[in-house]
Each structure stands twice: as structure tokens, then as C-alpha cells.
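First up is the structure itself, then whatever we jot down about it.
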Amino acid sequence: MSAAERERACERTRVFARVQPEHKLRLVEALQRRGEVVAMTGDGVNDAPALVAADVGVAMGRGGTEVARQAADMVVTDDNFRTIVHAVEEGRLVHRTLEQVLLLLLSTLVAEVLVLVAALVFGQPLPLAAVQILWHNVVTEGAVTFNLSLEPPEGDEMRAAPMPPRAPLLPRALRRRRGPMSLAIAAVPGGGLAWGTAAGRDAAEVRTGAFLARTVCDWFNLLNCRSATRSGFARGQASNRWLFIGLGVSVALQLCVMYVPLFAGWFHAVPLPLEQVATIVALASGVLWIEEARKFLARRRSPTLAAR
């Protein structure tokens, strides 16, 4: 067969029997020229060229030769083809987790920049001290970001279409979600700062309120990032207890910063009345409800998502 004939044969043929090692290599290359992502399984020395050429070479760990194992990208230690499916599912879970963590970090960091730039443009005092920004980036986000990466599978990873090989790590849908998230997060501390300054409130109290608002927005945004389509409350606390443990640690540390005199002095914070704290929490919850509304509309538009 010519190269063109092999490509046409790959399109209509399910099984090629009695093939030689060079034929396996040519079939892999023919599929790749058609734009396919090719996985090749093999266990013998004669499979090595095709294993190397394939996008993913898979060797058998028990019955496979050492040459095949060295040539492959992945080794199936139990020689069970079902394990390959589990590996694909795990890979998709890792990719989804990376997207979730990046969405959380980028949306909160962009919001922080927006608040600082708006304060400079409109001649307002800086909403956060340098030590408070460090607290957010290292402690508040650090206590929950790793825990978000421990989210369990949603159960529909294998129903989604495969990711194109050159797809960006930040797809367009994720970038569209980031914009409203960042604006909502920035609006609460930024609006509180502008209102408190205009009302002539004490500068330390206004800054502490912005500090708290920024932190609480992060907590609600954490629930946003658990899933692209499911409610932040859908899977309950038991599905990822480490996430809520980290959230509890973050809340306790934030209270220490505000109400323990030694820590409050270090972080330029003052104790706030409980009614003011409740107001800040209520306003910051808008970050969650905006994203919940988007997810609800997405499920309404897609019966498949609603069924899941």
C-alpha cells in the first residue's frame, strides 16, 4: 500500500492481522497523519519501533520484554487492558485539578491587582498593607489550595471528549469564568474601602474590613472552583474533608490575626464588631451566588449536565 492507501485503510478497517514490525510502525504513522492521537500497546522486541513512534506507548509489565518496557511511555504492571482506561481517567482528573487550582489562584490574584490599581487611580489609600498581601498569598490561599487538589473524581471524566494535544492549559471556558469571579472578588473590599473612606471611618478599621473582605471572598471562591458545572455544595463535606479542614484552619488563623492583640499589631489589624463582620460575610457571599447562578444556567442549557 502507498501512504495514502494506508490512511484510507485505517479509516475503514478495525483489525490488521499478521502484520510485521515495520507495518505496525507505518500504521501508527498513518493514523497520526490523519490527526489521531495514537496509543500503541505491545510486549515484544518487534513492537519497540511502534511504541516509540506512538503518542503514548504502553508496554506490558509482566509478560513484556525489557526492550518494550524501555521504549514505552507507560508500563501496565498487571498486564490488564482495563488498567489503561483507569490511567486515562486518572490523567483527566489531574488535568481537571490543575484547571481548578489555576482558576482559584488567577481569579484571586487578578482581583487583588484590580483593587490596588483602582485605589491608586481614584486616589484612595492602599487597601492592604504589604504584610496583609503576603498573609493572603502564603497563609490564606496556602491553607486551601493544596486541599483543592485532593478533590475526588466527579464520575463523568470518561464521558467528556478527549483534550486536543495542543489545547491550552487555560481553555476559553475557564478564562470566561475567571473574569466575573475576579470582578466580584474585587468589588467587595474595593467597595468597602471607598464607602468607609467617604464616610470618614477610622483608617485602620476600614483597612481591616477590606482585609477581612478579601479573605472571605477567597473562601467563597474556593467553593466556586470545586466544579465547573456542579454546585459548590453538591458533593458535601465528606467528599473532600481535607478541603474543609483547611478552610477551618484558615478561618481560625484569620480570627487570630484580628482578635489576638499580638498578631493584630503585626498585621495592622483592629478588632471589628460582630455585626460588621456579619455584613462583610454576607456581601462576600455574592462571589459564590454569582457563580452558582452561572452553573445553574449551564445545567439548564445542557440536559446532559443536569442529569449528571
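Overview of values
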| item | result |
| --- | --- |
| Whole-Å semi-axes of the chain's equivalent ellipsoid (Cα gyration tensor) | 52, 20, 17 |
| Among 278, 224, 263 the positive-end extreme of the charge dipole of segment 189-308 (Cβ point charges) | 224 |
| Simple Cβ-charge dipole of segment 1-73, Lys/Arg +1 and Asp/Glu -1, about Cα centre, in debye nearest 20 | 260 |
| Projected area averaged over orientations for segment 20-125, convex hull of C-alpha atoms, nm² | 10.3 |
| Mean accessible surface per residue for segment 154-308, computed with a 1.4 Å probe while every protein chain stays in place, in Å² | 53 |
| For residue 41, residues with placed amide H under 5 Å, excluding near neighbours | 58 |
| Per residue accessible area in Å² of segment 1-122, where ligands, DNA and RNA are left out and the probe is 1.4 Å | 59 |
| Segment 47-95: proportion of alpha-carbon pairs further apart than 18 angstrom, % | 30 |
| Ordering of 49-61, 21-33 by packing [mean C-beta count within 10 Å, highest first] | 49-61, 21-33 |
| Value of [θ]222 nm, deg cm²/dmol, for the chain, DSSP H segments ≥ 4, -39500 (n - 2.57) each, nearest 500 | -20500 deg cm²/dmol |
| Alpha-carbon centroid distance for the pair segment 248-291 / segment 178-224, whole angstrom | 11 |
| Accessible carbon and sulfur surface of the chain relative to its total accessible area, %, 1.4 Å | 64 |
| Relative contact order for segment 181-269, counting Cα pairs under 8 Å that sit 6 or more residues apart, in percent | 26 |
| Radius of gyration and Dmax over the Cα atoms of segment 2-50, both given in Å | 10.5, 29 |
| Kirkwood-Stokes translational diffusion coefficient of segment 223-300, alpha-carbon pairs, 10 °C, 1.306 mPa s, µm²/s | 108 |
| Total charge dipole magnitude, the chain, about the Cα centre, Cβ charges on Lys, Arg, Asp, Glu only, Debye to nearest 20 | 1020 |
| Cβ-based net charge around residue 68, under 11 Å, with every Lys or Arg adding one and every Asp or Glu removing one | -2 |
| Over segment 81-215 - Rg/Rh using Cα atoms and the Kirkwood inverse-distance radius | 1.12 |
| Formal net charge of residues neighbouring residue 192 (Cβ-Cβ distance under 11 Å; K, R +1; D, E -1) | +2 |
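The values are calculated or read from the model by the stated rules, or taken from the named source; none is laboratory data. Predicted, not measured: the structure shown is a model, and the values here were computed from it. A quick note on method: Cβ atoms are made from the backbone with ideal geometry, for glycine too, and the neighbour counts reach across all protein chains shown. Surface accessibility is based on the protein's heavy atoms, side chains included, excluding ligands, DNA and RNA. Shrake-Rupley method; radii C 1.70, N 1.55, O 1.52, S 1.80 Å.
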